[in-house]
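Undergrad: Got a structure here, written out as structure tokens. Questions coming.
The values are calculated or read from the model by the stated rules, or taken from the named source; none is laboratory data. Remember, it's a predicted structure, so these values are computed and weren't measured experimentally. Note: ideal-geometry Cβ built from the backbone for every residue, glycine included; neighbour counts use all protein chains shown. For the accessible areas, the whole protein counts, side chains as well, though only heavy atoms, and no ligand, DNA or RNA atoms are used. Shrake-Rupley method; radii C 1.70, N 1.55, O 1.52, S 1.80 Å.
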Amino acid sequence: MSDVENLIDTLALERIEVNLFRGVAPANQGPRIFGGHVIAQALLAAYRTVEERLCHSLHCYFIRPGDPSVPILFEVDRARDGKSFTTRRVTAIQHGQQIFNLAASFQVTETGLEHQEPMPDVARPETLADDPDEGGWRRAIEMRWIDARDMTAPQPGPPIQQAWMRALAPLPDDVPFQQAVLAYASDMSLLSTSMRPHGVSWRTPGLQTASLDHAIWFHRPSNFNDWHLYSQRSPSASGSRGFNLGEIYNLDGRLVASTAQEGLMRHRPPS
């Protein structure tokens with residue numbers, strides 16, 4: 001397990017001013033920074049300016065590809081501190097330009113009416129094999145697919161997919177950090193849901209993909225040391241964009257978060 005990425009180190013931030021933080025990305029991520037990494041660090045930067053409140057939702061845009069060879073600066077705007085809700089805006093900067101921005105809302109813990117959709121009835125993670133495609137720097141998160149497919153020769157299928165996910169290295173029992181890890185993992189595989197009906201994958205020649213925006217609603221605290229089911233579906237694709245929705249459940253069947261993402265899905269087959 002020596003190759004397992006420790007997210008405590010990966011997502012660490014250095015405070016360089018009251019509202020300014022610096023983070024880095026692993027050098028082996030590839031030519032651009034993984035989107036979930038920037039989401040997680042931006043959320044943690046916002047948390048460094050919030051007291052005794054938990055994030056219930058975030059919305060973000062990916063503006064430019066991130067450069068893993070240089071640090072990322074996270075500038076936090078303390079938009080509002082209300083009696084029950086706090087709002088923060090975070091801008092991620094590299095080479096003097098915005099690469100990403102995030103708006104997050106935090107709430108004082110309250111009790112109230114509750115309901116949820118039931119978790120899909122699927123195979124349990126202990127009965128499934130690890131995903132061989134999730135190697136290298138993504139070893140921070142272990143994935144086991146309910147309906148795995150061959151990414152080298154994908155066949156058209158329904159615009160739905162499901163996978164179990166968990167952190168491989170131990171995480172602290174800290175709600176803000178657990179939310180950051182969930183945010184990190186939520187960007188893994190979601191865009192590929194909209195590729196399924198078209199028989200393409202990120203390995204398909206001539207297919208250009210990138211996350212454009214991402215949203216998360218945190219419904220209940222969770223512990224990503226344990227398995228979580230990521231149930232995903234794509235209601236629509238058009239204009240070279242794929243739209244995807246996801247629900248994340250813990251092992252007890254509790255819905256802990258919901259996600260939404262639109263991504264670039266431009267297909268220009270080689271001539």
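Undergrad: Please compute the per residue accessible area over the range 1-98 with all protein chains in place, 1.4 Å probe, rounded to a whole number of Å².
TA: For the range 1-98, the solvent-accessible area averages 53 Å² per residue.
Undergrad: Order LEU255, LEU73, most accessible first, counting only protein heavy atoms with a 1.4 angstrom probe.
TA: Largest accessible area first, the list is LEU73, LEU255.
Undergrad: Quick one: net charge of ASN101's neighbours, Cβ under 14 Å, K/R +1, D/E -1?
TA: Overall, the nearby charge balance is 0.
Undergrad: Within 15 Å, Cβ to Cβ, of GLU114, how many net charges do the neighbouring residues add up to if Lys/Arg are +1 and Asp/Glu are -1?
TA: Within the 15 Å Cβ shell, the charges total -1.
Undergrad: Which whole-number percentage describes the relative contact order of the chain, with Cα contacts under 8 Å and a sequence gap of 6 or more?
TA: Over the chain, the number comes to 18 percent.
Undergrad: Once each part is reduced to its C-alpha centroid, what is the distance from the range 213-266 to the range 45-107 in angstrom?
TA: Computed from Cα coordinates, the inter-centre distance equals 20 Å.
Undergrad: Right, another one. Using a/c under 1.5 as the rounded threshold, could you call the range 1-115 rounded, prolate or oblate? The axes a ≥ b ≥ c are square roots of the C-alpha gyration tensor eigenvalues, and prolate needs a/b larger than b/c, oblate otherwise.
TA: Prolate.
Undergrad: What percent does the relative contact order of the range 139-253 come to when contacts are Cα pairs within less than 8 Å and at least six residues apart?
TA: About 32 percent, as a whole number.
Undergrad: Please report Rg (one decimal) and Dmax (integer) in Å for the Cα set of the range 85-156.
TA: For the range 85-156, the Cα radius of gyration and maximum Cα-Cα distance read 19.9, 49 Å.
Undergrad: Further question on the same structure: Roughly how many debye, to the nearest 20, is the charge dipole of the chain about its Cα centre, given +1 on each Lys and Arg Cβ, -1 on each Asp and Glu Cβ, and no other charges?
TA: About 880 debye.
Undergrad: Which percent of the accessible area of the chain is formed by carbon and sulfur heavy atoms (probe 1.4 angstrom)?
TA: Here it works out to 51 percent.
Undergrad: Sum up the charges of everything whose Cβ sits under 13 Å from the Cβ of SER240, counting Lys and Arg as +1 and Asp and Glu as -1, but leave SER240 out.
TA: +2
Undergrad: For a quick check: with amide H placed at 1.01 Å from N, whose amide H comes under 5 Å from ARG48's, ignoring anything fewer than 5 positions away on the same chain?
TA: none
Undergrad: Okay, moving on. Among GLU14, GLU51, GLU262, what's the order by accessible area (1.4 angstrom probe), most exposed first?
TA: Most to least solvent-accessible, the answer reads GLU51, GLU14, GLU262.
Undergrad: Still on this model: May I ask you to list the trypsin sites (Lys or Arg not before Pro) in the range 55-88 that are in a DSSP loop and have at most 14 other Cβ atoms within 10 Å of their Cβ?
TA: Qualifying residues, ordered by number: LYS83.
Undergrad: Still on this structure, please answer the following. Enter the accessible area of VAL175 (Å², nearest 10), with the probe set to 1.4 Å and all protein chains included.
TA: Counting only protein heavy atoms, the figure is 50 Å².
Undergrad: Given a 10 angstrom Cα cut-off, can you work out which residue in GLN155, GLN232, GLN94 is the most mobile in a GNM of the chain?
TA: The residue with the greatest mean-square fluctuation here is GLN155.
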